[in-house]
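Visitor: Quick one: the structure is below, and I'll ask about it shortly.
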Amino acid sequence: MIDLTHWLREQGHTVYIAGGADALLDSSKDPDFLTVPLATVSASGGGMLSRVMNMLRCARELRRCIQSHPVDLIHCHESAPALVTRLATLGMGIPVAVTYHGSEPERVKAFGRIANQSANIVITPSRRCADELHDIAGVPRSKLRVVGLGVKSAPPSDPKAVERLRAELLGPDGNVLVILLARASYQKGLDILIDVAKAVAQTRSDFRFVVAGIGPLFDEMRARARAEGVDPYVTFIGETHEPYLYLRAADIDLLTSRWEALPISIVEAFRVGLPVIASDAGGVRELLDDEVGAVVRIADVPEFTRQLLRIGSDAALRSRMSEAALARSREDRFDPAFVHGEFEKLYREMVA
């Protein structure tokens, strides 16, 4: 979102960002930031009555912002901001887009109802998610637009730093390094990862798994790894600001998610030529095939194990997949300028 904002401004457009202030973004960092505490409308906002009151307060504040900063369209990310925007723009005739980033299966219908009521256009980064919204939630095809995700080229890393990190993470007895860049949440399936690591260790004790990311289940997942006896093989490093350093140190990128839309982490792995093994969630198959890794049924521990052992045990295969991943990363569909241009075309269509 921030990269798209900067690009649009460079093209001469005026872009305001409305949302809750945090460490990454507030009015001191961006003069066109409008403070509207949208997070209080979601599940983190408390009970239903509290959330409804928060929604009304946010709608009132957003309407004030729009009146003092007139806009041609509004692009919401997820359903709670869309609900607030619908209330805030009543009678204004402002076109609204909402982006669907994927969700747990039981929430798809609810998102569709909100999208149908609140938005003129529903944007999603994958064709499979668009199909879900149409087939399960009843969103008309005429409302749906698929716009991918642009990912910047990987910044350079010091080869010696990569070598040192790899040696540190593998330890004296490790040979194959598997990286998972993910928030420690139920969605990302770290419990599945732990079960996979346990199964792999029964055949190969020289695989090492590194989990980079923080989240609500971080301590619980570390404790689970210890309880399952896989803590010698699985390392939780917490948050990192150098994801590409870890990707370059690894042999395989792993994604065990229960649901996704179009995972950026897969394209980040491609950017450094890293094979990927990922759950068949959301638009993963639109990114991944057997030329660059493997797609595995969600939560299928035996198949994850088989694919890790197959790819991890074959250096020549990994080398071929690495070359194919690098080539795929150069496709236009991953170029931020191309994707941002697609958004600009859509915005022009909405205000025409």
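Visitor: Need the full-extension length gain, S142 to D300, defined as separation in residues times 0.36 nm minus the C-alpha distance. One decimal, nm.
Guide: Length gained, S142 through D300: 53.3 nm.
Visitor: On to the next question. Would you mind classifying region 159-331 by shape? Square roots of the alpha carbon gyration tensor eigenvalues, ordered a ≥ b ≥ c; an a/c under 1.5 is rounded, otherwise it is prolate if a/b is larger than b/c and oblate if not.
Guide: Rounded.
Visitor: Also, I was wondering about something else. Apply the membrane-span-like helix rule to the chain: whole DSSP H runs, Cα extent along the own long axis of at least 24 Å, mean Kyte-Doolittle hydropathy at least -0.5. List the helices found.
Guide: 48-68
Visitor: Under a Cβ-Cβ cut-off of 13 Å, what is the net charge of the residues other than E268 that fall near it, where Lys and Arg count +1 and Asp and Glu count -1?
Guide: +2
Visitor: Ok, one more. With a ≥ b ≥ c the root eigenvalues of the C-alpha gyration tensor of the chain, is it rounded (a/c under 1.5), prolate (a/b larger than b/c) or oblate?
Guide: Prolate is the answer for the chain, as a/c is 1.5 or above and a/b outweighs b/c.
Visitor: Here is a follow-up. May I ask you to sort V96, V36 by Cβ crowding, counting other Cβ atoms within 10 Å and putting the fewest first?
Guide: Going from least to most buried by this count: V96, V36.
Visitor: Treating cross-link reach as a plain straight distance, find the lysines whose alpha-carbon is under 23 Å from the alpha-carbon of K198, omitting any fewer than eight places away in the same chain.
Guide: K188
Visitor: Using r as the Cβ-Cβ distance of S319 and R183, and R0 as 30 Å, what FRET efficiency do you calculate, to the nearest 0.05?
Guide: 0.45
Visitor: Let me ask another. Modelling each spin label as a point 7 Å along the Cα-to-Cβ direction, I'd like the N175/L346 distance in nm, to one decimal.
Guide: 4.6 nm
Visitor: To make sure I understand the rule: partners must be lysines, Cα under 22 Å from the Cα of K143, and not fewer than 8 residues away in the same chain. Which ones qualify?
Guide: Correct list for K143: K109, K345.
Visitor: What ranking do D72, D173, D251 get, fewest neighbouring Cβ atoms within 10 angstrom at the top?
Guide: Taking fewest neighbouring Cβ atoms as first place, the list is D173, D72, D251.
Visitor: Relative contact order of region 159-331: what whole-number percent is it, with Cα pairs under 8 angstrom and at least 6 residues apart?
Guide: That works out to 23 percent.
Visitor: Can you give the local net charge around T40? Use residues other than it whose beta-carbon is closer than 10 angstrom to its beta-carbon, Lys and Arg +1, Asp and Glu -1.
Guide: +2
Visitor: Let's test the formula: R0 of 41 Å, r as the Cβ-Cβ distance of R107 and S28. What FRET efficiency results, to the nearest 0.05?
Guide: 0.75
Visitor: Further question: May I ask you to derive the relative contact order of the chain, considering only C-alpha pairs under 8 Å and at least 6 residues apart, and to give it as an integer percent?
Guide: Contact order relative to length: 14 percent.
Visitor: What are the residues whose amide H is under 5 Å from the amide H of G282, where those residues sit 5 or more places off or on another chain and H is modelled from the backbone?
Guide: Amide H neighbours of G282: E260.
Visitor: So, one more: What's the extension gain from D231 to E10 if we count 0.36 nm per residue and subtract their Cα-Cα distance?
Guide: Difference between extended and current length: 74.8 nm.
Each reported figure results from applying straightforward, stated rules to the coordinates on display, with no laboratory input. Since the model is a prediction, treat every value here as computed from it, not as a measurement. Ideal geometry is used to build each Cβ from the backbone, glycine not excepted, and the neighbour counts take in all protein chains shown.
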